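> The following block contains the structure, expressed as C-alpha cells.
Please treat every number below as a calculation from the coordinates, not as lab data. The model shown is predicted, which means the values in this text are computed figures rather than measured ones. Cβ coordinates were reconstructed from backbone atoms using ideal geometry, including for glycine residues, and neighbour counts include every protein chain displayed.
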Amino acid sequence: MDARLNYYADPTVGRTLTYVRTVGKALKESSLPAATQELVALRVSQINGCAVCVDIHTKEATAAGEEALRLNLVAAWREATVFTEAERAALRLAEEATRIADAAGGVSDEAWVLAVEHYDEAQLSALVILVSLMNMVNRLNVITRQPAGGYQPGQFD
C-alpha cells in the first residue's frame with residue numbers, strides 16, 4: 001500500500017510535523033510514566049485503526065523493556081490482570097476520550113475521578129495532551145493511509 005501523501009514533500013507540512021514531534025518529546029520528558037504513555041498511545045491507536053502508530057508504539061514499548069504479554073493484552077485491558085490500577089485508570093480515560101463521538105457525555109466523571117486518584121495534576125495534563133495528540137496523529141495517518149511495518153525504534157528521536 002502506498003501513502004496518499006508524502007508528509008515531507010511539502011515544507012509547510014514538514015514544519016508542522018516538527019512541532020508535533022516537539023510536543024511528543026515534551027510528553028516523553030513529563031512525569032507521566034513512560035510505560036503508561038506507550039500503553040495509552042497503543043490503545044488509542046488500536047481504537048482508531050492507525051497501523052503506523054500501533055507499529056511505532058509496540059516497537060518503542062518493546063525496546064524500552066515492556067513485556068509482550070502486556071502489549072498483547074492492551075486491547076482487552078479490562079479483563080487482563082497484568083495492568084496496575086493506575087494504568088487501568090489511564091486506559092479508561094484514554095478510551096472514553098477517544099470515543100467522544102460514541103458517548104454523548106464524553107469522558108465520564110467516574111473515569112476522571114479514577115485518573116485523579118492515581119495521577120497528579122502534571123501527570124493528568126500530560127495524559128490529556130497525549131490522548132489528544134494521539135487522536136490527531138492517528139487521524140493524519142489513517143486519512144492518508146500511511147503504511148506500517150517499517151518503523152525502527154528511535155527513528156523519530
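> What nm distance separates the two modelled labels at Ser125 and Ala86, each placed 7 Å from Cα along Cα→Cβ?
1.8 nm
> At what distance in nm do the modelled label points of Thr16 and Glu79 sit from each other, each positioned 7 Å from its Cα along Cα→Cβ?
Output for this residue pair reads 4.0 nm.
> Here is a follow-up. For the stretch 1-43, run through the chymotrypsin sites (Phe, Trp or Tyr not before Pro) and keep only the ones in DSSP coil with at most 15 other Cβ atoms within 10 Å of their Cβ.
Answer by residue number: Tyr7, Tyr8.
> Could you tell me whether the stretch 11-143 comes out rounded, prolate or oblate from its Cα gyration tensor? Rule is a ≥ b ≥ c as square roots of the eigenvalues, rounded for a/c under 1.5, then prolate if a/b exceeds b/c, otherwise oblate.
Cα axes put the stretch 11-143 in the rounded bin.
> Related question: State which helices in the chain qualify, where a helix is a whole DSSP H run, it must extend 15 Å or more along its own axis by its Cα atoms, and its mean Kyte-Doolittle hydropathy must be at least 1.0.
Helices passing the filter in the chain: 121-143.
> So if I place +1 on the C-beta of Lys and Arg and -1 on the C-beta of Asp and Glu, and nothing else carries charge, what would the dipole magnitude of the chain be about its Cα centre? I want it in debye, nearest 20.
The calculation lands at about 620 debye.
> Ok, one more. Restricting attention to the stretch 68-155, which trypsin sites (Lys or Arg not before Pro) occupy a DSSP loop and are surrounded by at most 12 other Cβ atoms within 10 Å?
Passing sites in the stretch 68-155 are Arg78.
> Any chance you could check the Cα centroid distance between the stretch 1-70 and the stretch 118-155 for me, in angstrom?
5 Å
> Oh, and also: How far apart, in nm, are the 7 Å Cα→Cβ label points at Val23 and Ser132?
About 0.7 nm, to one decimal.
> Separate question: Can you tell which of Ala126, Ala80, Ala111 shows the greatest fluctuation in a Gaussian network model of the chain with Cα springs below 10 Å?
Ala80
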